[in-house]
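Shown next, in structure tokens, is the structure this report addresses.
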Amino acid sequence: MENKQRENWGSRIGFLMAAAGSAVGLGNIWRFPYMAGENGGSAFILIYLAFALIIGISIMISEFAVGRRTELSAVGAYQSINRNWTFAGVLGVLSAFFIMGFYPVVGGWALAYILKSVTGLLSNSAAIGDAFGAFITNPIEPLIWMLVFLAMNIAIVAKGIAGGIEKAGKVLMPTLFVLLILIAARSVTLPGAGAGLDFLFKPDFSKVTGATYLAALGQAFFSLSLGMGCMITYGSYLGKSENLASNAFIVTVLDTSVALLAGIAIFPALFAFGMEPAVGAGLVFVVVPQIFAAMGGIGVLFSVIFFVALAVAALTSSVSLLEVVVAYLIDQRKWERKKSVYTAGGIMVVTGILASLSLGVMSGFTMFGVGVFDFFDILTDKIFLAIGGLLLAVFVGWFMDKKDLEDEITNGGTIKFGLFNIWYNLVKYVIPVAIAIVAVMGIMSIEQTGLMLFGLAVIVVLAIFSKKL
Ligand code: TRP
């Protein structure tokens, strides 16, 4: 019997902040608006909301339950219940590496824009778009910021995640929220903003294809930190008296509100400035500075606060990704925390450099038709997370004991969860079928079919070979 107590969150609010901190990040503010922009706006957003609120909450409750039941991170949690399922946990660790292949690049952009806000970026609003393009394709500058961002992750996770990062999040997450409301208020009152609101809220299903559904599903998993064992790992540090279902509900609602708010901040302004909605990954770095530029001197201050808050939101998310790898090395390989962090971080330095350079000098190097940055992004978001969520649902529904689940979610019968049966049937029957349909339709209508099939092949190979891990 081990007598060492598992690390635990400092307090109830500590866990909620950490889980919300993991969920709210670049996924909401950088990724959600540009995915919505590229996928036609309102119809995508409606599908996204349905997926987040039905599939997302259910999967989050499941991940918390698996983590707290086993008190182990992804790989160990699956393995301790059924050895044949080890691969699903390993897939999660691989997903963490892949997401951390590109996430720190964008985190670095956010850091860079704090400084750029005070060094003249806002003084010529016509040049803001070109400045972004020049910045991310530069071989040195974004690389340095990416390394700074990764170093912050490594320093935080080496100390254990409950601590400094919790405190920073407690102040800066609410700041970010308030700031987004202010930006949204400015954005919707610009002349010509109405077209942006139509784009966001008047659904046009004529352009919806299988790829739209897959993009919305992937975005929901990405934004809620689901489908790769992150919330299993965070749940494993969770006290036995916490209410899993209400925590999952709060985190999902918070995360979804931040994404919607980011949309309302960006699209009305975008249309007011006469720009195209499908501008891609530069969206938030181009539109938001333009809003600030139009405010005059005070805009510089707002811009600094915004990008500080964005960088912190990114940091509270990326540490949760690094933690998935580190917790695996600690739980399964019995490594020390520091050794685990430096090893995983070292690998991420290499992948981050490749991803950053792939937007500039290395853009000629492609795999399955896409560069390194997109390779990591598309593979995780469009395949690994969705399939990871499907595997988790099948595992919980068909390989875990229903009584155990009820016991875990109701804290041994001490709290009520009136929706237990609905949740259980969703997870056991509806969600696996729904994800499978979306994945098949998506793979058939997406451009990068080769990459998708490669991703599926990776999962099959893992399933065959990972029993020894
Ligand atoms: N949810 C985070 C965001 O929106 C990113 C993230 C953190 C994540 N942990 C994750 C995505 C686990 C998928 C899985 O920025």
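The values are calculated or read from the model by the stated rules, or taken from the named source; none is laboratory data. These numbers come from a predicted model, not from an experiment. Here the Cβ positions follow ideal geometry from the backbone for every residue, glycine too, while neighbour counts run over all protein chains shown. For the accessible areas, the whole protein counts, side chains as well, though only heavy atoms, and no ligand, DNA or RNA atoms are used. Shrake-Rupley method; radii C 1.70, N 1.55, O 1.52, S 1.80 Å.
Between LYS339 and SER257, the distance separating the two model label sites (each 7 Å from Cα on the Cα→Cβ line) works out to 4.5 nm.
How high is the FRET efficiency between LYS202 and MET441 when r is their beta carbon distance and R₀ equals 25 Å, given to the nearest 0.05? Can you show the working numbers first?
Details: r = 24 Å, r/R0 = 0.97.
It comes out at approximately 0.55.
How much accessible surface area, in Å² rounded to 10, belongs to the heavy atoms of LEU214 with a 1.4 Å probe? Estimated to the nearest 10 Å², LEU214 gives 0 Å².
Volume per residue, Å³, of the convex hull around the alpha-carbon atoms of the chain? Kindly include the intermediate steps, with their values, before the conclusion.
Working: hull volume 62.8 nm³, N = 469.
Roughly 134 Å³ of hull volume per residue.
Note on the chain: dipole from Cβ charges, positive end direction compared against ALA457, ALA158, GLY21; the farthest Cα belongs to ALA158. Note: relative contact order over segment 2-468, using C-alpha pairs below 8 Å and six or more positions apart, is 33 percent. Using the Cβ-Cβ distance between LEU301 and THR414 with R0 set to 45 Å, the FRET efficiency from 1/(1 + (r/R0)^6) comes to roughly 0.40.
Helix content alone sets the calculated 222 nm mean residue ellipticity of the chain: runs of n ≥ 4 DSSP H residues at -39500 (n - 2.57) each, divided across all residues, give -23000 deg cm²/dmol.
Give me the accessible area of PHE399, 1.4 Å probe, in Å² rounded to the nearest 10. Its heavy atoms expose roughly 100 Å² to the probe.
Could you sort ARG337, ARG31 by their accessible area in this structure, using a 1.4 Å probe and putting the largest first? Before the final figure, lay out the partial values.
Working: ARG337 35, ARG31 5 Å².
Per-residue accessible area, sorted high to low, gives ARG337, ARG31.
With all protein chains in place and ligands, DNA and RNA left out, the 1.4 Å accessible area ranks LYS207, LYS159, LYS402 as LYS159, LYS207, LYS402, largest first. For a 32 Å ceiling on Cα separation, which of these pairs sit above it: LYS159/LYS240; LYS338/LYS403; LYS240/LYS339; LYS240/LYS334? Check vs 32 Å cut-off fails for LYS338/LYS403. Label positions at SER241 and VAL461, each projected 7 Å from the Cα along the C-beta direction, are separated by 4.9 nm.
With a 1.4 Å probe rolled over the protein heavy atoms of all chains, the accessible area of GLU276, GLU242 falls in the order GLU276, GLU242, largest first.
Need the full-extension length gain, ARG12 to ALA155, defined as separation in residues times 0.36 nm minus the C-alpha distance. One decimal, nm.
On the way: separation 143, 0.36 × 143 = 51.48 nm, distance 2.44 nm.
Once the chain is fully extended between ARG12 and ALA155, it gains 49.0 nm.
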